[in-house]
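Novice: Below is one structure. I have some questions about it.
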Amino acid sequence: MKVVVGISGGSGSIYAISLLKALKELNIETHLVVSTMGEYVTEHECGVTIEELKNLATYFHDNKNFAAPIASGSFKIDSMVVLPCSMKTLAGIANGFADGLLIRACDVTIKEGRKLILVPRETPLSPIHLENMLKLSKIGVTIFPPSPGFYNHPETIEDIVLNMTGRILDMIGIDNNLVNRWKGL
């Protein structure tokens, strides 16, 4: 299995780090691409440098490198996840404006009919944000806001992050034990 992970400049890089760690532990090939603001926000929020991020991925691709394998539909992947997905990145994807490899890889994922999961991080949402999300949802892109449930009584931020990581893995189709699954009353 091959999964492309994109990190853009929205808040919430902690989710991307958690996903990369989980995929690495599961021995799943990852291709990482990070926007300039994604790099900045990850270091600001999590104290994780771009070099540390690179070590969590199987392969790293510079956002300016349009010759990277993930820029082509002939390079087969199973899915792509962008988390966090800034509204700028979401707008670029929705409107086919691939100003960097991250959005180009999303464009390729869509055109090839592969699984694309966007984890938008913004609140409140404007009508423009909602229209862009609806446009993408209508063509099969999964919009996955990191909205944790509290029915499982998380005790730490890590509990919340791991549960969201597990839910994203579920969407990709990867079995995991990170989700505290509802068993009913």
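Results for (1) over 16 Å from LEU136 (Cβ atoms); (2) touching a residue at least 40 places away in the same chain (Cβ under 8 Å), shown as yes or no for each residue.
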| site | (1), (2) |
| --- | --- |
| SER72 | yes, no |
| LYS76 | yes, yes |
| VAL82 | no, yes |
| ALA94 | no, yes |
| ALA98 | no, no |
| LEU101 | yes, yes |
| ALA105 | no, yes |
| ILE110 | no, no |
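Novice: If you scan region 115-142, which residues turn out to be crowded, with 17+ Cβ neighbours inside 10 Å, at pLDDT 95 or above and under 22 Å from ARG167 (Cα atoms)?
Specialist: Selection gives LYS115, LEU116, ILE117, LEU118, VAL119, PRO120, MET133, LEU136, VAL141.
Novice: Let me ask something else. Would you mention how many residues in region 132-185 are of a type in the set (Asp, Glu) and in a loop (DSSP other than H, G, I, E, B)?
Specialist: Total meeting the criteria: 2.
Novice: Being assigned to a helix (DSSP H, G or I) and either over 23 Å from LYS2 (Cα atoms) or modelled with pLDDT under 95 (or both) is the filter here; which residues of region 73-97 pass it?
Specialist: MET87, LYS88, ALA91, GLY92, ALA94
Novice: Specify the residue that is farthest from SER86 (Cα to Cα); the eligible residues are those in region 11-45 that are in contact with a helix residue (DSSP H, G or I) (Cβ under 7 Å, 6 or more places away or on another chain) and either modelled with pLDDT under 95 or surrounded by fewer than 16 Cβ atoms within 10 Å (Cβ to Cβ) (or both).
Specialist: Once the filter is applied, the top-ranked residue is LYS24.
Novice: In addition: Just checking, does region 12-34 include any residue being touching a strand residue (DSSP E or B) at 6+ places or on another chain (Cβ under 8 Å), of a type in the set (A, V, I, L, M) and assigned to a loop (DSSP other than H, G, I, E, B)?
Specialist: yes
Novice: Right, next: Does GLY92 satisfy being exposed (fewer than 14 other Cβ atoms within 10 Å of the Cβ), touching a helix residue (DSSP H, G or I) at 6+ places or on another chain (Cβ under 7 Å) and either more than 24 Å from ALA22 (Cβ to Cβ) or of a type in the set (Val, Ile, Thr) (or both)?
Specialist: In short, no.
Novice: Just to check your reading of the model, which residue among ASP170, ASP175, ASP99, ASP107 is surrounded by 18 or more Cβ atoms within 10 Å (Cβ to Cβ) and acidic (Asp, Glu)?
Specialist: Details: ASP170 fails: surrounded by 18 or more Cβ atoms within 10 Å (Cβ to Cβ); ASP175 fails: surrounded by 18 or more Cβ atoms within 10 Å (Cβ to Cβ); ASP99 fails: surrounded by 18 or more Cβ atoms within 10 Å (Cβ to Cβ).
Selected residue: ASP107, the only one of ASP170, ASP175, ASP99, ASP107 that is surrounded by 18 or more Cβ atoms within 10 Å (Cβ to Cβ) and acidic (Asp, Glu).
The values are calculated or read from the model by the stated rules, or taken from the named source; none is laboratory data. What you are looking at is a predicted structure, and each value in this text was computed from that prediction instead of being measured. Reconstructed Cβ throughout: ideal geometry from the backbone, glycine too, with neighbour counts over all protein chains shown.
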